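Taking it in order: structure first as structure tokens, then the write-up.
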Amino acid sequence: MKLLAIETSCDETAVAVLEANGDEAGATFNVLGNALISQIDIHKEYGGVFPAIAKREHAKNLVPLLEAALEEAEMLREDTQVISPEKYERIVEILSREPDLTGAFFAFVNECEKPAIDAITVTHGPGLEPALWVGVNFARALSVLWDIPVVGVNHMEGHFLVALAEEKDGALSVSIPEKTLGLLISGGHTELDLRMEDGSYKLLGQTRDDAVGEAFDKVARMMDLPYPGGPEVSKLAERHREDSSTNPFQLPRPMIHEDNCDFSFSGLKTSVLYKVKEIGELSELQKEQLSMAFEDAAADVLYAKTLRALEETGARALIIGGGVSANTHIRRVFTDKLRDERPDVSLFIPRASLTGDNAIMIGVAGYFRALKKQFADIATLRADGNLSLSA
């Protein structure tokens, strides 16, 4: 099965073409084409992602990225296309809320032969709703034009399943264990989900306030670190671990002993704020020390709650997915502690290139849905910024 995958949930616009074979017991994904543009540099001046600008950039980037991905996949064939009046009117209606996309869409498809794609997979939530709509409507329009079915993909399921991908002979191999626990950590999510045998998910715990990635970014702003702040905090923390084993700062581990699988990072973030106000202007050394103290506390809480979920569910496979799964210290804590304390648990963490938002993960998750014929009705497919994985 050949898939066109589209991702526009936040500040990365991504399009990929994948060829997939197999089932949940063992599937192989060949990435035929992959194109991505990040908006990080654009949003730096705002200190975070500005939804209206993200929407504009997605509309500007989707057609060039589609062309690039198809060309890499050797599926780009120039040929004058005649679009029937009925299809034309329907596509215009679909793209009516995406005026920045419409002109480029028709200019491209009028000169492009229909590619040999079996299904289109697109993120329809969660994320920034204005950004999601651009990708959803792009997929709907392509579906009408090319008569190709669409799979609406939960962004978090993409992070979950791509964490299982192992590279073999230039392809990605995915085998889904029968009982898999997922710790999904990003700028917008911190949650523990158990994947059930039927492919549904059970939410075991989630943050009651800030997501861990959001807390990293807010702590970075407190210390006047550049955006995106999470990697900057991690960089300073690692520098201090290498230079010194001592740290004068000790921060709380919120909810670590409570008998549940929920998280809270607001209090931890506030503790850093109090330290910053108490000290005043921070030296470079103090920034390193505070970064390390914060990162240590966050990692300890994540591990303790995940260990509780493993014990409650009896899961023997754990994935860590989402943008924060790229954090060096969190990866080290889970790898070392599980090896010593739970050697019976298999740990899966995505390779660095697949930790952030990307279209490959949307293709992977969409493929398993397509195998079950879980196609969307494009007349009713909608973007949902608050879409839950366990819904």
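Across the stretch 1-56, what is the total count of residues that are within 15 Å of Glu71 (Cα to Cα) and basic (Lys, Arg)?
Matching residues across the stretch 1-56 total 1.
For the stretch 312-330, name all the residues that are part of a helix (DSSP H, G or I), within 22 Å of Ala165 (Cβ to Cβ) and touching a Ser or Thr at 6+ places or on another chain (Cβ under 7 Å).
Selection gives Gly323, Val324, Ser325, Ala326, Thr328.
Can you report the number of residues in the stretch 263-299 which are surrounded by 16 or more Cβ atoms within 10 Å (Cβ to Cβ) and charged (D, E, K, R)?
6
Anything in the stretch 244-259 that is surrounded by fewer than 16 Cβ atoms within 10 Å (Cβ to Cβ), more than 17 Å from Asp210 (Cα to Cα) and modelled with pLDDT of 90 or more? List them, or say none.
Passing the criteria: Pro248, Gln250, His257, Glu258, Asp259.
Residues of the stretch 138-160 being in contact (Cβ under 8 Å) with a residue 40 or more places away in the chain and over 20 Å from the mean Cα position of the chain (by Cα), which ones?
Arg140, Ala141, Leu142, Ser143, Val144, Leu145, Ile148, Pro149
Hey, does the stretch 271-291 have a residue that's of a type in the set (Gly, Ala, Ser) and either under 19 Å from Lys179 (Cα atoms) or in contact (Cβ under 8 Å) with a residue 24 or more places away in the chain (or both)?
yes
Give the residue, chosen from Ala297, Ala304, Ala309, Ala293, that is part of a helix (DSSP H, G or I) and either touching a helix residue (DSSP H, G or I) at 6+ places or on another chain (Cβ under 6 Å) or not assigned by TED's automatic domain parsing to the domain that holds Gly182 (or both).
It is Ala297.
Go over the candidates Asp357, Asp336, Asp340 one by one and state the one that is of a type in the set (Asp, Glu), in contact (Cβ under 8 Å) with a residue 60 or more places away in the chain and either within 30 Å of Leu32 (Cβ to Cβ) or in a helix (DSSP H, G or I) (or both).
After applying the criteria, what remains is Asp357.
List every residue pair whose Cβ atoms lie under 8 Å apart, where the two residues are 6 or more positions apart in sequence or sit on different chains, the first residue falls within the stretch 363-391 and is farther than 22 Å from Arg90 by Cα, and the second residue, located anywhere, is part of a loop (DSSP other than H, G, I, E, B) and of a type in the set (S, T, N, Q).
What qualifies is Ser390/Ser200.
Taking the stretch 23-75 on its own, how many of its residues are in contact (Cβ under 8 Å) with a residue 12 or more places away in the chain and either of a type in the set (Lys, Arg) or not in a helix (DSSP H, G or I) (or both)?
Here the count works out to 27.
If a residue must be touching a Lys or Arg at 6+ places or on another chain (Cβ under 8 Å) and either modelled with pLDDT of 95 or more or farther than 24 Å from Gly127 by Cα (or both), how many such residues does the stretch 223-242 contain?
Number satisfying all stated conditions: 3.
Just one of Ser96, Ser173 is surrounded by fewer than 22 Cβ atoms within 10 Å (Cβ to Cβ), part of a strand (DSSP E or B) and polar (S, T, N, Q); which is it?
One residue alone meets the criteria, Ser173.
The values are calculated or read from the model by the stated rules, or taken from the named source; none is laboratory data. Fair warning: this is a prediction, and the values are worked out from it, not measured in the lab. Glycine also receives a Cβ, built like all others from the backbone with ideal geometry; neighbour counts cover every protein chain displayed.
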